[in-house]
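The values are calculated or read from the model by the stated rules, or taken from the named source; none is laboratory data. The structure displayed is predicted, hence computed values, not measured ones. Neighbour counts are summed over all protein chains in view; Cβ atoms, including those assigned to glycine, are modelled from backbone coordinates with ideal geometry.
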Amino acid sequence: MKRKLFQSFELIMLLAVSHCLSGCKTTESVDWSSRVGSYSYDQAVKDMGPPDRESTLTDGTRVSDWTQTRGFTQTSYHFAPGGLATQASSIRSPDRSIRLTFDAKGMLQGWKMIWR
């Protein structure tokens with residue numbers, strides 16, 4: 001009975017790992033500092049699509065966030081003697097986003113990475 005339960009657990013873990021890996025993609029590393037002053041909001045939308053969040057300040061500055069990597073949840077199960085799951089605990093990692101700030105003319109003023 002314990003062996004069968006352990007085999008089921010192994011299968012679930014294998015499926016979970018393969019699911020996580022199937023969502024991975026390699027993105028090129030961008031030197032955002034070199035784009036300050038020469039990269040426009042329109043270029044950003046063409047490259048990354050519409051921002052996930054955006055605000056325009058009273059001076060015309062546009063602050064836009066693009067999600068780069070979604071966080072994930074890792075769940076651990078605790079087993080009692082006999083193989084019964086007695087408790088589960090989860091840890092959530094934050095999403096990683098890039099925040100680009102554009103002046104009133106639409107040119108990149110600054111950038112930073114944010115986690116939430």
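Do any strands (runs of 3 or more DSSP E) entirely within region 60-116 hold 1 or more residues that are hydroxyl-bearing (Ser, Thr, Tyr), and if so, which?
Values: elements: 62-69, 73-79, 85-92, 96-102, 108-115.
Once the strands (runs of 3 or more DSSP E) in region 60-116 are filtered for at least 1 residues that are hydroxyl-bearing (Ser, Thr, Tyr), what remains is 62-69, 73-79, 85-92, 96-102.
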Inside region 61-104, can you point out the residues that are without any contact (Cβ under 8 Å) to a residue 40 or more places away in the chain and within 21 Å of GLY37 (Cα to Cα)? VAL63, SER64, TRP66, ARG99
Name the single residue, out of those in region 79-97 being modelled with pLDDT under 75 and surrounded by 11 or more Cβ atoms within 10 Å (Cβ to Cβ), that is nearest to PRO51 (Cα to Cα). ALA85
Some residue of region 5-18 being surrounded by 10 or more Cβ atoms within 10 Å (Cβ to Cβ), modelled with pLDDT of 75 or more and not hydrophobic (A, V, I, L, M, F, W, C): no
What's the number of the condition SER40 fails, among (1) among the hydroxyl-bearing types (Ser, Thr, Tyr); (2) modelled with pLDDT of 85 or more; (3) surrounded by fewer than 10 Cβ atoms within 10 Å (Cβ to Cβ)? (3)
